[in-house]
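**Q** Structure provided below as structure tokens; questions to follow.
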Amino acid sequence: MYEGEIDYGALIDRSIRDFRPATKLWPVSARLALWIFLELGLLALCASINGSQGVETLVHSPRALITIGVFTLVSVAAGLLALRSAIPAREPRRAEIIMVLVGFCAAFAVMGFRPFSAPSEIPGANSDWALQVLGLSMLPWAALFMAVERGVPLRPLDAGGLMGAASFSLGVAACLISQSNGFIAPITWQLTFGIVVVSVSALVGGRCLDAIQRRRWHGPIEIRNKPAHIFGQQALVTLLVSASLAGLFLVLSNVRSATAPIPDFDLAIASYERAIADFSPNVPSRDLETMLTAYVEKGMPSYMWDFSPHGFKFVGGRFEHLPDGAAVTYTWFRGTKGGVMCMFRQTRGFKAPSVTHLERQHMLFYSYRRFSVCLINVGRYGSFLSLIAAPMPMNRFIPIVIEATR
């Protein structure tokens with residue numbers, strides 16, 4: 001039911017006999033300010049968990065900053081309409097709701113398409129992303145629910161849907177901050193999941209709000225006159241807050257574990273940073289064939305990818321030994337902006353890091369610190385690991401690596 005379909009005069013006439021003193025409802029502006037404060041606090045918490053490297057990545061990623069900003073604005077707009085829906089005669093108009101929904105869908109378009117055409121191509125990434133967004137959305141949803149429930153939402157389904165859009169948009173923004181340049185599911189999956197969450201929020205939140213209002217206005221007078229903090233409502237609030245805190249704790253724990261140091265990745269990145277400053281080959285490096293011959297003579301695999309067709313100039317290679325005696329090679333390709341480091345090292349056993357990654361053509365792709373990293377177990381040449389590291393977006397890195405293997 002939308003504006004013009006509610007006879008507020010008749011509603012007041014039917015309700016006047018139930019008028020009684022009530023707790024003052026804070027203005028929409030004050031409640032919206034608290035909602036924005038909650039948003040900023042959650043975003044700041046995710047940024048602090050990711051550390052200075054994650055913040056630095058965001059600063060150098062305009063698209064990520066714009067995407068986070070758009071989702072945050074959608075969250076504020078949907079939250080405002082949800083809070084207004086709790087005040088009779090100030091319910092959001094149909095056009096306002098449509099504008100928020102259009103903005104909700106447009107935010108995913110701003111995020112941009114990923115090079116992965118189907119969710120099934122990203123093992124585990126979809127469920128991880130869904131878990132994180134839901135966990136980060138639960139506390140904002142509970143806060144909005146309690147704020148709206150204190151009013152008189154005459155359109156509970158609208159209020160529930162707006163609460164879902166506001167909290168889910170905030171959850172996506174927080175997830176983007178926590179993941180930095182990490183893995184994101186395909187936009188079609190994200191948008192579909194978002195629509196499902198908003199729909200469920202409209203049904204569940206709307207039904208709960210409607211049930212509370214019916215108890216208030218249609219129940220026996222002795223029930224209606226009971227204070228708002230009766231046992232059932234208090235239990236509901238306790239359940240919402242507990243579930244929200246539990247979800248937030250699990251998500252942030254997952255984010256922290258995903259940022260744990262990975263020694264092999266740190267080694268490849270450190271070699272990249274040294275190469276940027278100064279790279280001096282210590283094996284013959286007239287061309288790739290000459291360098292590979294030198295590697296083979298030292299017991300390393302005769303296998304190397306060529307990134308020259310992608311605008312990276314072959315510089316040369318180095319052969320060294322790690323502190324534990326393991327042999328390692330570093331092959332450096334320099335580009336106009338940065339470069340690509342290829343590292344081979346001996347290993348006693350292969351165990352892939354247990355963090356979110358993509359698997360394409362038996363290659364494992366990770367987003368680590370500010371780098372995209374490809375990990376390969378080169379088993380047919382013995383116990384060797386191949387690591388390719390470059391500080392470029394994953395959607396550019398993967399096609400380049402795959403093309404270099406052909």
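FYI, it's all coordinate maths here, none of it is from the lab. Note that this is a predicted model, so its numbers are computed, not measured. Please note: Cβ atoms are built from the backbone with ideal geometry, for glycine as well, and neighbour counts cover all protein chains shown.
**Q** At a Förster distance of 35 Å, what's the computed FRET efficiency of CYS208 paired with GLU359, Cβ-Cβ distance as r, to 0.05? Walk me through the intermediate numbers first.
**A** Details: r = 41 Å, r/R0 = 1.18.
Once rounded, the FRET efficiency stands at 0.25.
**Q** Follow-up. Just want the ordering: CYS208, CYS342, CYS175, from fewest to most Cβ atoms lying within 10 Å of their own Cβ.
**A** CYS208, CYS342, CYS175
**Q** Also, I was wondering about something else. For ALA89 and ARG348 in one chain, what is 0.36 nm times their gap in residues minus the Cα-Cα distance, to one decimal in nm?
**A** 86.1 nm
**Q** Within the range 297-335, list the trypsin sites (Lys or Arg not before Pro) lying in a DSSP loop whose Cβ has at most 16 other Cβ atoms in a 10 Å radius.
**A** Sites meeting the loop and neighbour criteria: LYS298.
**Q** Just want the ordering: MET394, MET99, MET300, MET163, from fewest to most Cβ atoms lying within 10 Å of their own Cβ. Could you put the intermediate results ahead of the total?
**A** Working: MET394 21, MET99 14, MET300 24, MET163 33.
Ordered by Cβ neighbours within 10 Å, fewest first: MET99, MET394, MET300, MET163.
**Q** Using a Förster distance of 25 angstrom, determine the FRET efficiency expected from the C-beta separation of SER29 and ILE195, and round it to 0.05.
**A** Efficiency computed from Cβ-Cβ geometry: 0.25.
**Q** OK, next. Hey, with R₀ at 51 Å, roughly what FRET efficiency would MET99 and LEU288 work out to, going by the Cβ-Cβ distance, to 0.05?
**A** Using R0 = 51 Å, I get an efficiency of 0.35.
**Q** Something else now. Pop a pseudo-label 7 angstrom from the Cα along the beta-carbon direction at both ARG150 and THR405 and give the gap in nm to one decimal.
**A** 5.6
**Q** Extension gain LEU45-ASP278, at 0.36 nm per residue separation less the Cα-Cα distance, in nm?
**A** Roughly 80.1 nm would be gained on extension.
**Q** Another question about this same structure. If the chain between GLU320 and ILE66 were fully stretched, how many nm would it gain, using 0.36 nm times the residue separation less the Cα-Cα distance?
**A** Here the answer is 87.1 nm.
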